[in-house]
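Student: Dropping the structure in here first, questions after.
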Amino acid sequence: MYEYLQALHQRFFQEPEHTDLHEEIEKLRQELEGELSPSQRKCLLRLLDVQGYLKNDVSLESFTAGFKLAAGIAKELEADGLYSYNAEVENEIKRDTEQKYG
């Protein structure tokens with residue numbers, strides 16, 4: 001199970017959000033946009049759109065990887081035998097009864 005978590009971390013780990021950095025990026029984008037020609041602004045906006053699409057793709061891939069991870073963990077747990085509290089209590093009662101009445 002640890003290998004699944006490690007693989008997921010290596011592939012999809014992203015630094016925590018830095019709101020102040022996002023604000024700085026937006027401020028710089030606005031400054032740059034004001035200094036660009038209309039065709040350069042259009043190019044900048046296309047670049048930002050592509051960046052947004054890439055973020056969405058990464059998000060979807062991350063979800064897919066998480067789903068596969070959960071399915072793999074469930075499969076491993078099932079192979080080892082699923083835990084049941086009721087079964088554990090029943091087995092404990094059965095053991096106690098056998099020890100008492102042998």
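Student: Using the Cα centre of the chain as origin and beta-carbon charges of +1 (Lys, Arg) and -1 (Asp, Glu), tell me which of Thr19, Ala70, Gln40 is placed farthest towards the positive end of the dipole.
Tutor: Working it through, the farthest residue towards the positive pole turns out to be Gln40.
Student: In sequence order, what are the phi-derived ³J(HN,Hα) couplings for the range 20-28 according to the Karplus relation 6.51 cos²θ - 1.76 cosθ + 1.60 with θ = phi - 60°, rounded to whole Hz, with x for glycine and proline?
Tutor: 5, 5, 4, 5, 5, 4, 4, 4, 5
Student: Please work out the Kirkwood hydrodynamic radius for the chain, using every pair of different C-alpha atoms, and report it in angstroms with one decimal place. Before the final figure, lay out each step's value.
Tutor: Values: mean 1/r = 0.0524 Å⁻¹.
Its Kirkwood hydrodynamic radius stands at 19.1 Å.
Student: Among the lysines, which fall within straight-line cross-link reach of Lys100, defined as a Cα-Cα distance under 25 Å, with same-chain neighbours fewer than 8 residues apart omitted?
Tutor: none
Student: Still on this structure, I have one more. Cβ under 12 Å from Lys94's Cβ, Lys94 left aside: what net charge do those residues give with Lys, Arg +1 and Asp, Glu -1?
Tutor: Charge balance in the 12 Å sphere: -3.
Student: Taking the Cα centre of the chain as origin, work out the dipole magnitude from +1 charges on Lys and Arg Cβ and -1 charges on Asp and Glu Cβ, in debye rounded to 20. Please report the intermediate quantities before stating the final value.
Tutor: Details: 12 positive and 21 negative charges, 80 e Å.
The calculated dipole for the chain is roughly 380 debye.
Student: Something else now. Per the 1.4 Å probe, what fraction of the accessible area of the chain, in percent, lies on carbon and sulfur atoms?
Tutor: 56
Student: Could I ask something else about it? Evaluate the charge dipole of the range 11-67 about its Cα centre and quote only its size in Debye, nearest 20, assuming +1 on the Cβ of each Lys and Arg and -1 on the Cβ of each Asp and Glu.
Tutor: So the dipole magnitude of the range 11-67 works out to roughly 340 debye.
Student: If you don't mind, there's one more thing I want to ask. What value, in deg cm²/dmol to 500, does the helix sum -39500 (n - 2.57) over DSSP H runs of n ≥ 4 give at 222 nm once divided by the residues of the chain?
Tutor: -30000 deg cm²/dmol
Student: Let me ask another. Going by a ≥ b ≥ c, the root eigenvalues of the Cα gyration tensor, does the range 42-100 fall in the rounded group (a/c under 1.5), the prolate group (a/b larger than b/c) or the oblate group?
Tutor: prolate
Student: Cα centroids of the range 57-86 and the range 24-48: how far apart, whole angstrom?
Tutor: 43
Student: Using Cα springs under 10 Å in a Gaussian network model of the chain, which residue among Glu88, Glu35, Glu26 shows the largest mean-square fluctuation?
Tutor: Glu88
Student: To the nearest 20 debye, what is the magnitude of the charge dipole of the range 43-89 about its Cα centre, counting +1 on the Cβ of each Lys and Arg and -1 on the Cβ of each Asp and Glu?
Tutor: 320
Student: Any chance you could give the angle, 0 to 90 degrees and rounded to 10, that helix 2-12 forms with the longest Cα principal axis of the chain?
Tutor: 10
Student: Report the one residue of Val50, Ile93, Ala79 whose Cα lies farthest in the direction of the positive end of the charge dipole of the chain (charges on C-beta: Lys and Arg +1, Asp and Glu -1; origin at the Cα centre).
Tutor: So the residue we want is Val50.
The values are calculated or read from the model by the stated rules, or taken from the named source; none is laboratory data. The model shown is predicted, which means the values in this text are computed figures rather than measured ones. Backbone-built Cβ (ideal geometry, glycine too); neighbour counts: all protein chains shown. When the accessible area is computed, the model is the full protein with side chains, heavy atoms only, and any ligands, DNA or RNA have been set aside. Shrake-Rupley method; radii C 1.70, N 1.55, O 1.52, S 1.80 Å.
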